[in-house]
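Presented below is the structure to which this report refers.
Throughout, read-outs are computed from the coordinates displayed, never taken from laboratory work. From a predicted model like this one, the values you see are computed outputs, not experimental measurements. So basically every Cβ, Gly included, is an ideal-geometry build from the backbone, and we count neighbours across all protein chains shown.
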């Protein structure tokens, strides 16, 4: 079983210099690629000079996370692709447990390691933690992270587990299933496209797993800061895209209507906090959704009509009203 570790880069010279050494040191079982998304800095020149053992893929344009990886992976033949952010530090023996799951479980198509915070290494990191889920209205959360509450890692999630989505910060996927699922959706550009991909993979009958024996550290926010209104726009728009594409009939429009009301509440919260640019980003996200609704609706296919996709009905109710801050306390 061959493995390709593929790091997508856009003007990330400093991140590559900092984190590539750990990837090269602890990934002897894989080929390491950097897919450059038409950077305007000297990332490629630096790679050629300082990391000649790394294979470089040069994309012609910056198509974001989705198109960037689709373009980069189209020319690779390895059995397993590992999509790895440029701001991730891997650890010794991080790769073998992931490969073992793929060897032992032919129906498992996607695997995510434990993702811890690079800055606070005893805590889970926002983008993935110990595996992702969504509630009935499409809001994502993780084992170890609900909204902005990050749990300390006491070993409470040290079990391999079936999850709903794996983080794009470090996502391992079978080449053949990636193609069977139709690749990443390039209409997303960036953010939440991994949730959509994993949902489509579930609809094909495959499983997504968390691997407790593999551990990486993620800086987070290195590509687009968490308080950047552009990220707010992508998150709200793309979540609506994901729901429209994947929620089973006949509930899809009711769920989207309810979700948009909840988005409105979030917008009012931004207003009361003086975050006017984020309020405006939600308005823009809804406008973009309406403008593309026919196109996205045309992508509905292969849905599992009788299979519940959500772990809990409303993570907003659990978190803000019932004051449940830990995944283990959810019902």
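Points worth noting:
- Note on the chain: helix-only mean residue ellipticity at 222 nm, from DSSP H runs of 4+ residues weighted -39500 (n - 2.57) and normalised by residue number, equals -11000 deg cm²/dmol.
- Oblate is the label for segment 166-285, because a/c, from the alpha-carbon gyration tensor with a ≥ b ≥ c as root eigenvalues, is 1.5 or above and a/b does not exceed b/c.
- Degrees between helix 95-104 axis and first principal axis of the chain (Cα, 0 to 90, nearest 10): 70 degrees
- Kirkwood Rh, angstrom, segment 203-266 [1 / mean 1/r, Cα pairs]: 14.8 Å
- Directionally averaged projected area (the chain, Cα convex hull): 16.1 nm².
- Distance-filtered residues of segment 236-261 - backbone nitrogen under 15 Å, label point 7 angstrom along residue 304 Cα→Cβ: 246-249
- Rounded to 10°, Cα long-axis angle of helix 64-73 versus longest principal axis of the chain: 40 degrees
- Listed by Cβ neighbour count within 10 Å, with the fewest neighbours leading, 152, 105, 89 appear as 152, 105, 89.
- Pair-distance distribution P(r) for segment 1-69, from all Cα-Cα distances in 10 Å bins starting at 0: 21, 56, 23, 1 percent.
- Per residue Cα convex hull volume in Å³ - calculated over segment 257-297: 49 Å³
- The chain: angle of helix 229-246 to the longest principal axis, Cα-based, in degrees nearest 10: 80 degrees
- Largest-first ellipsoid semi-axes for segment 229-329, taking √(5λ) over the Cα gyration tensor eigenvalues, angstrom: 24, 21, 10
- Nitroxide proxy distance, nm - points 7 Å out along Cα→Cβ at residue 105 and residue 74: 3.2 nm
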